[in-house]
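What follows is a set of notes on a single structure, which appears directly below.
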Amino acid sequence: MTQLITQHLIDDAYGIETACAVLQAGGLAALPTETVYGLAANACDSVAVAKIYEAKGRPSFNPLICHVFDVCAACKIGVFDAVALQLADAFWPGPLTLVVPQVEGSDVATLVTAGLQSVAIRVPAHPIVREILQSVAVPLAAPSANPSGRVSPTTAAHVLAGLDGRIDAVLDGGSCAVGVESTIVSCLGPTPVLLREGGVTAEAIEAVLGADLVRSTDVVDAPVAPGQLPSHYAPRGTVRLNAAKAGDGETLVGFGSVAGDLTLSAKGDLTEAAARLFDVFHQLDAMGARKIAVAPVPEEGLGRAINDRLRRAAAPR
Ligand code: AMP
Ligand code: MG
């Protein structure tokens, strides 16, 4: 990947303005939140989101949390029922992430939700990230700002130790108060489900709900709507990989020199291919493609995460 010069910003007006400019230009900025440092990108800019995966070296696409300024901004991308609103009211701003149905036609890139119809949203409490969210006025996708497989960073120095030269900027806001990830609660079904323990305790959530919280392990066999947890989104047709050309009745997804009916990237650009992957899956479904062939994608950089998802799509279902 390209070597960047990572700006080391402090939390003064210049630092905050520069971080906003980086994000608005489709760059990556590591920001302090009350949980851990997040690696932020404009969630509505699919290429910017692809760069998160590239910088972290993540070998697979799993959905990312969207950070927004307030409930009003949250309601532009997610559908909140009474229980979700009750939890948002009680714990936002703070370390609670709510998974809710996505607003139809929302601007959030399909790479953020990995093609799912749900979206994970949080309103962080840290004053620096709040100021940035208010100023950029777009949701920010932000997983922890560390290379894949390493521990989550709670200081700017931790961020630089892992990502110096791989991101555009880090904004130093001191050490994170909570130090653990956000608690994740799914509000997709009839009752809320705890998907991950984190900064807000299950007991505190149960006190607000006045009921026991279902743990995700309790519901593995529960039916879920198509396109929702726990299944990964994949196109409905069968998928054949490493195809040089289309076979009988196949819809070909091209890459680079292999021109298809659709293409991941005609230039053979892996960042563009990652940014387009789930859009292409959705287009294949919209076209009613029953047999899908996909051109070879090199197993390097972002190609590893793309191939991981293509292999899952090709696996018997
Ligand atoms: P991280 O961004 O590293 O804190 O991890 C985000 C977590 O949120 C992962 O465990 C995801 O699986 C989960 N998550 C994000 N979006 C969704 C979604 N739409 N549905 C279910 N879980 C989600
Ligand atoms: Mg992480």
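The values are calculated or read from the model by the stated rules, or taken from the named source; none is laboratory data. The shown structure was predicted, so the numbers you read here are calculated from the model rather than taken from an experiment. Neighbour counts are summed over all protein chains in view; Cβ atoms, including those assigned to glycine, are modelled from backbone coordinates with ideal geometry. Calculation scope for accessible area: heavy atoms of the full protein, side chains included, ligands and nucleic acids excluded. Shrake-Rupley method; radii C 1.70, N 1.55, O 1.52, S 1.80 Å.
Details
- Translational diffusion of the stretch 238-314 was estimated from the Stokes-Einstein equation, with Rh taken as the Kirkwood radius over Cα pairs; at 20 °C and 1.002 mPa s the coefficient is 179 µm²/s.
- Counting only DSSP beta bridges whose two residues both lie in the chain, roughly 45 percent are antiparallel.
- 3J(HN,Hα) couplings calculated from phi for the stretch 162-174 with the Karplus curve 6.51 cos²θ - 1.76 cosθ + 1.60 (θ = phi - 60°) are, in sequence order, x, 10, 4, x, 10, 10, 7, 7, 10, 9, 7, x, x Hz; Gly and Pro show x.
- With Cα atoms, 0 to 90° folded angle of helix 46-56 axis to the chain main axis: 80 degrees
- Cβ-based charge dipole, the stretch 273-317, positive-most Cα from 283, 314, 295: 314
- GNM flexibility winner over the chain from 145, 157, 114 (Cα, springs under 10 Å): 157
- Taking amide H as placed 1.01 Å from N in the peptide plane, the amide H of residue 251 sits under 5 Å from that of 291, 292, 293, each at least 5 places away or on another chain.
- Between 110, 7, 42, the Cα set farthest toward the positive side of the dipole of the stretch 1-126 (charges on each charged residue's Cβ, about the Cα centre) is that of 110.
- The stretch 1-104: GluC sites (Glu not before Pro) in DSSP coil with no more than 10 other Cβ atoms inside 10 Å: 104
- Filter on 51/245; 56/76; 76/245; 56/245 - keep pairs with C-alpha separation over 31 Å: 76/245; 56/245
- Across the stretch 56-99, the residues whose backbone nitrogen lies under 20 Å from the label position 7 Å along the beta-carbon direction of residue 209 are 79-99.
- Per-residue Karplus couplings for the stretch 114-123, computed as 6.51 cos²θ - 1.76 cosθ + 1.60 with θ equal to phi - 60°, are listed in order as 6, x, 6, 8, 9, 9, 9, 10, 9, 10 Hz, Gly and Pro entered as x.
- Angle in degrees between helix 127-136 and the longest Cα principal axis of the chain, rounded to the nearest 10: 50 degrees
- Accessible surface, per residue, of the chain when the full set of protein chains is kept, probe 1.4 Å, Å²: 44 Å²
- Converting phi to 3J(HN,Hα) with the Karplus coefficients 6.51, -1.76 and 1.60 and the offset θ = phi - 60°, the stretch 241-256 yields 9, 6, 8, 7, 8, 6, x, 4, x, 8, 9, 9, 9, x, 7, x Hz in sequence order, with x at every glycine or proline.
- In Å², nearest 10: area of residue 272 left accessible to a 1.4 Å probe: 60 Å²
- Given a 1.4 Å probe and the protein chains as shown, residue 261 ends up with an accessible area of around 100 Å².
- Solvent-accessible area assigned to carbon and sulfur over the chain amounts to 54 percent, based on a 1.4 Å probe.
- Under 5 Å, built H, 5+ apart or other chain: amide partners of residue 66: 120, 121, 122
- For residue 214, the amide hydrogen comes within under 5 Å of the amide hydrogens of 194, counting only partners 5 or more places away or on other chains and with H modelled in the peptide plane.
- Pairwise centroid distance, computed over Cα atoms, of the stretch 35-107 with the stretch 247-300, Å: 27 Å
- Entry for the chain at q = 0.08, 0.13, 0.16 Å⁻¹: log10 I(q)/I(0) = -0.36, -0.94, -1.32, Debye formula applied to identical alpha-carbon scatterers, no solvent contribution.
- Accessible surface for residue 75 stands near 60 Å², nearest 10, in the context of the full protein assembly shown (1.4 Å probe).
- Chain lengthening between residue 175 and residue 266 when straightened (0.36 nm per residue, less Cα-Cα): 28.4 nm
- With Cα atoms, 0 to 90° folded angle of helix 82-91 axis to the chain main axis: 50 degrees
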